[in-house]
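**Student:** Quick one: the structure is below, questions incoming.
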Amino acid sequence: SCKNQELIVPKLLCRSNEVALQFLSTLNHGKTNDLLPTSRYTAASSVAAFVVLSLMVTTAIYLSLKSRYNEEINMKVEMFLKAYGTSKPTRYTFPEVKKIARRFKDKLGQGGFGSVYKGELQNGVPVAVKMLESSKGEGEEFINEVATIGLIHHANIVRLMGFCSEGTRRALIYEYMPNKSLEKYIFSHVSNISRQLLAPTKMVDIALGVARGMEYLHQGCNQRILHFDIKPHNILLDYNFNPKISDFGLAKLCARDQSIVTLTAARGTMGYIAPELYSRNFGGVSYKSDVYSFGMLVLEMVSGRRNSDPSVENQHEVYLPEWIYEKVITEQELVVSLEMTAEDKEKMRQLTIVALWCIQWNPKNRPSTTKVVNMLTGRLQNLQIPPKPYVSSENRPMPQNTTNT
């Protein structure tokens, strides 16, 4: 493929340089008295010409392969858009996107696949414009986004309002979320806003909103949509702090009656990836993998801690589910700094128990998203504490080959 051919180019360049260096080495180690100044000059000129020619050839090959590679991606994207028909969101030209994004002056953030800028449509509606990097994803993220949220509308899923695909330039235009991501509030220990926002009642509301969005993806669409990257960073908050699931770059479509899906590699973000994505010994990959990620998100929200801390050398000592589980069974408070009523404490406990059910290692033991919604709305009374959601700290699966956003 062109992608594989593209990898050959650096090798060709290195090889041509090696030949030149070997030739120069031969000249330097030869008998200097045997070469006249003119001969030395001629030899040096020949080497220089050889190196320049080699660089020109390898550069030409590289540009040719890159052009062909980009053409293949463009063709794949255009074939997809043609097959999708007129039901997709509005398509914009790149000059139009540039105008919407105000020449990309107001940068909101940087993601795994590109940069996000604040913009405004012609009718004054604020939007977020994500410019995708052409060197990443082979067009897959663009196709995934348009194929999933391009046709669905739900109160807890960010809306895709438009897109651009013009040569190697691709952009996705979303509704603007002024309060940014949930991550900002979970892990901000200095903001008074975060404490007010993440009061027990609001935590339940946010968890319920995310669960309802996931339920729609898993059960409410013509095809089941598996997100594979549920985490606080991908939960955006609107003007009223209602949560909306975003970033469908790693999503996968499958039939609604398909229970198990096949992946070539684990995908998602370390700490939120279900065990079965690392090893089939834990079970098959399914929508229950999203349930696991949701459980980890909720545990972080109720504790204010990350599920993994790269700065800590011994991760076994800080494994969040293990720490929280011990707190629950011994009826200790997770966050002693918060002043809570007895009712609030019970809400926190129930929310934590739901999360612990969601992160059971065996996917069959995790609740469906519909059951999660029922748990959070109080339709299932007297929730029992689940079994330990892990075998042991030492036996936890470690990530090897993952795809991140």
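Values quoted throughout were computed directly from the atomic coordinates according to the rules given, and no laboratory measurement underlies them. Only a predicted model underlies this, so the values are computations on that prediction, with no experimental measurement involved. Glycine also receives a Cβ, built like all others from the backbone with ideal geometry; neighbour counts cover every protein chain displayed.
**Student:** Sticking with the crude label model, points 7 Å out along Cα→Cβ, report the distance from Met270 to Ile353 in nm, one decimal please.
**Tutor:** 3.5
**Student:** If we count other beta carbons within 10 Å of each Cβ, what is the order of Arg159, Arg103, Arg212, fewest first? List each step's numbers first, then the result.
**Tutor:** On the way: Arg159 17, Arg103 10, Arg212 23.
Going from least to most buried by this count: Arg103, Arg159, Arg212.
**Student:** Any chance you could run the full-extension gain for Thr168 through Glu326? It's 0.36 nm times the residue separation minus the Cα-Cα distance, nm to one decimal. Don't skip to the answer; put the middle values down first.
**Tutor:** Numbers: separation 158, 0.36 × 158 = 56.88 nm, distance 5.15 nm.
Net length gain for the segment: 51.7 nm.
**Student:** Rank Ile100, Gly111, Leu151 by how far each Cα sits towards the positive end of the charge dipole of the stretch 90-175 (+1 on Lys, Arg Cβ; -1 on Asp, Glu Cβ) and give me just the farthest.
**Tutor:** Towards the positive end, the residue furthest out is Ile100.
**Student:** Multiply the residue separation of Thr370 and Lys388 by 0.36 nm, subtract the distance between their alpha-carbon atoms, and state the gained length in nm to one decimal. It would help to have the intermediate numbers written out before the result.
**Tutor:** Values: separation 18, 0.36 × 18 = 6.48 nm, distance 2.24 nm.
So the chain would gain 4.2 nm between Thr370 and Lys388.
**Student:** Longer than 27 Å from Cα to Cα, which of Lys202/Lys252; Lys118/Lys347; Lys105/Lys244 are they? Say none if no pair is.
**Tutor:** Check vs 27 Å cut-off fails for Lys202/Lys252; Lys118/Lys347.
**Student:** With a 10 Å Cβ neighbour count serving as the proxy for reagent exposure, in which order, fewest first, do Leu263, Leu172 appear? Don't skip to the answer; put the middle values down first.
**Tutor:** Working: Leu263 15, Leu172 29.
By the 10 Å Cβ count, ascending, the order reads Leu263, Leu172.
**Student:** What distance in nm separates the simple spin-label points at Ala155 and Val57, each placed 7 Å from Cα in the Cβ direction?
**Tutor:** Result: 6.7 nm between the two label points.
**Student:** Further, regarding this structure: Within the stretch 320-351, list the residues whose amide N lies under 18 Å from a label point set 7 Å along Cα→Cβ of Thr377.
**Tutor:** Only 351 pass the distance filter.
**Student:** Rounded, prolate or oblate: pick one for the stretch 90-175, where a ≥ b ≥ c are the square roots of the eigenvalues of its C-alpha gyration tensor, a/c under 1.5 means rounded, and failing that, prolate if a/b is larger than b/c, else oblate. Please list the in-between numbers first.
**Tutor:** Details: a/c = 1.40, a/b = 1.03, b/c = 1.35.
Note, shape of the stretch 90-175 comes out rounded.
**Student:** Rank the residues Cys358, Cys254 as a footprinting-exposure proxy: fewest other Cβ atoms within 10 Å of their Cβ go first. Before the final figure, lay out each step's value.
**Tutor:** Working: Cys358 29, Cys254 16.
In increasing order of surrounding Cβ atoms, one gets Cys254, Cys358.
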